[in-house]
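A.B. asks: Quick one: the structure is below, questions incoming.
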Amino acid sequence: MIEISQLAKNFGEIAAVRGIDFTVRPGDVLGFLGPNGAGKSTTMKMIAGFVTPSAGSVRVCGHDVQQDPRGAQRLIGYLPEGAPAWEEMAVLGFLRFIGAVRGVHGAECTRRVEDVIERMGLGGVRRQRIETLSKGYKRRVGLAQALLHDPRVLILDEPTDGLDPNQKHQVRELIRGLSGDKIVVISTHILEEVHAVCNRAIVIAGGRIVADGTPQELEARSRYHRAVHLHFSDRGADSDAAEARAALAALEAVSEVEVQAGGRRLVVVARPGANPLGAVARLVHDRGWLVDELHVERGRLDEVFRDITREVA
Ligand code: ATP
């Protein structure tokens, strides 16, 4: 478990993190979201023990990061922003070095290094100096070192930043496969990533937590949560769409009907707490509208993100 209590960090005049509290339990994959400068990296560095808090505490599986840094750091794999340090080392040498620092030696070290090289697709660059690698490969080396000692807690600062779509997919699969009894905290600007891998999301803005819930709970705050999209086929476009617009707007569960694609697509926006799907489907059936597409939105995380971070300086 990670227990964070009243955690704060000032850099001179700058209050980067202003007293945040949260707990992460085994099996949780927590997505940390927020605009640039919100305090995500600073919080992650404090959890990993790389930055000393100005106030508050972090406990990792019972070990206080300040009082017992070694005990806590043994349990943590940390991927910082950007590229790994010691860029002049070759990939293989760097990973062996990290293994030794982590107390993994001999055959066990070789086995684990080969395992992370395989998992992160680093076989082709194992003898190359890190400074000569592309951004995506540097990121993979960073992930490989974070996973090397099979830690119970993974703190990953923008793990898919700079990766190509295949690697992004692979890293997300890897993170999904990891959970179980592990704790994973990732920061990301990619909102689909939250949906793809996280079972919980914390939004931070101006150094404070402004939302905390499951991705589904956040999406439910969207104006488009349960909105029904109807697309009218060529034959039905004109007459049906015009009739449908008025009929749909009159439904009790509907707050508004938006018109797109020159009138061919209607977005039926739900009243808060209501679900218009049943009533919409009945109307489509009863009136015989020529609809070639009908689907329901979960909600738009980007819109929710904008709304809840906008007011915060
Ligand atoms: P991004 O999404 O851009 O990575 P972030 O949410 O990770 O942003 P932080 O890097 O935690 O944000 O920064 C929070 C605030 O603290 C910013 O105003 C930043 O300029 C400031 N800050 C971070 N590190 C330092 C430092 N070492 N010295 C001074 N100010 C710092």
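The values are calculated or read from the model by the stated rules, or taken from the named source; none is laboratory data. A quick note: this is a predicted structure, and the numbers were derived from the prediction, not measured. Because the Cβ atoms are built from the backbone with ideal geometry, glycine has one as well, and the counts that use them run over all protein chains shown.
A.B. asks: Within segment 16-35, track down each residue that is near the ligand (Cβ under 8 Å from one of its atoms) and either farther than 21 Å from Ile308 by Cα or outside any loop (DSSP other than H, G, I, E, B) (or both).
C.D. replies: Within segment 16-35, Ala16, Val17 qualify.
A.B. asks: While we're looking at this one, here's another question. For the structure I just gave you, tell me whether Val60 is modelled with pLDDT of 95 or more, in contact with a Lys or Arg (Cβ under 9 Å, 6 or more places away or on another chain) and within 9 Å of the ligand (Cβ to nearest atom).
C.D. replies: No.
A.B. asks: Looking at segment 185-208, which of its residues are at pLDDT 90 or above, within 16 Å of the ligand (Cβ to nearest atom) and surrounded by fewer than 18 Cβ atoms within 10 Å (Cβ to Cβ)?
C.D. replies: The answer is Arg208, and nothing else.
A.B. asks: Kindly indicate whether any position in segment 197-210 is out of contact with any strand residue (DSSP E or B) (no Cβ under 9 Å at 6 or more places or on another chain) and part of a helix (DSSP H, G or I).
C.D. replies: No: zero hits.
A.B. asks: What are the residues in segment 1-15 that are aliphatic (A, V, I, L, M) and either touching a helix residue (DSSP H, G or I) at 6+ places or on another chain (Cβ under 6 Å) or within 15 Å of the ligand (Cβ to nearest atom) (or both), if any?
C.D. replies: The answer is Ile4, Leu7, Ala8, Ile14, Ala15.
A.B. asks: Among the residues of segment 163-184, are any within 16 Å of the ligand (Cβ to nearest atom), over 15 Å from Asp115 (Cα atoms) and under 15 Å from the mean Cα position of the chain (by Cα)?
C.D. replies: No, segment 163-184 contains no residue that is within 16 Å of the ligand (Cβ to nearest atom), over 15 Å from Asp115 (Cα atoms) and under 15 Å from the mean Cα position of the chain (by Cα).
A.B. asks: So, in segment 244-287, exactly how many residues are outside any helix (DSSP H, G or I), aliphatic (A, V, I, L, M) and surrounded by fewer than 13 Cβ atoms within 10 Å (Cβ to Cβ)?
C.D. replies: 1
A.B. asks: Go through segment 36-73 and give me each residue that's outside any loop (DSSP other than H, G, I, E, B), of a type outside the set (S, T, N, Q), surrounded by 17 or more Cβ atoms within 10 Å (Cβ to Cβ) and touching a residue at least 24 places away in the same chain (Cβ under 8 Å).
C.D. replies: Within segment 36-73, Lys40, Met44, Lys45, Met46, Ile47, Ala48, Gly56, Val58, Arg59, Val60 qualify.
A.B. asks: In addition: Could you grab the pairs with beta carbons closer than 8 Å, sequence gap of 6+ or different chains, first residue in segment 7-23 and closer than 14 Å to Lys45 by Cβ, second one surrounded by fewer than 14 Cβ atoms within 10 Å (Cβ to Cβ) and of a type in the set (D, E, K, R)?
C.D. replies: Leu7/Asp21
A.B. asks: Hey, another quick one. Could you tell me which numbered condition Gly106 fails, if it satisfies all but one of (1) more than 16 Å from the ligand (Cβ to nearest atom); (2) under 30 Å from His189 (Cα atoms); (3) out of contact with any His (no Cβ under 7 Å at 6 or more places or on another chain)?
C.D. replies: Just one mismatch for Gly106, condition (2).
A.B. asks: Limited to segment 140-171, what total is found for residues that are in a helix (DSSP H, G or I) and free of Cβ contacts under 8 Å to residues at least 60 places away in the same chain?
C.D. replies: Count: 10.
A.B. asks: On to the next question. Report whether or not His189 is more than 21 Å from Val60 (Cβ to Cβ) and part of a loop (DSSP other than H, G, I, E, B).
C.D. replies: Yes; evaluated as a whole, the condition is true for this residue.
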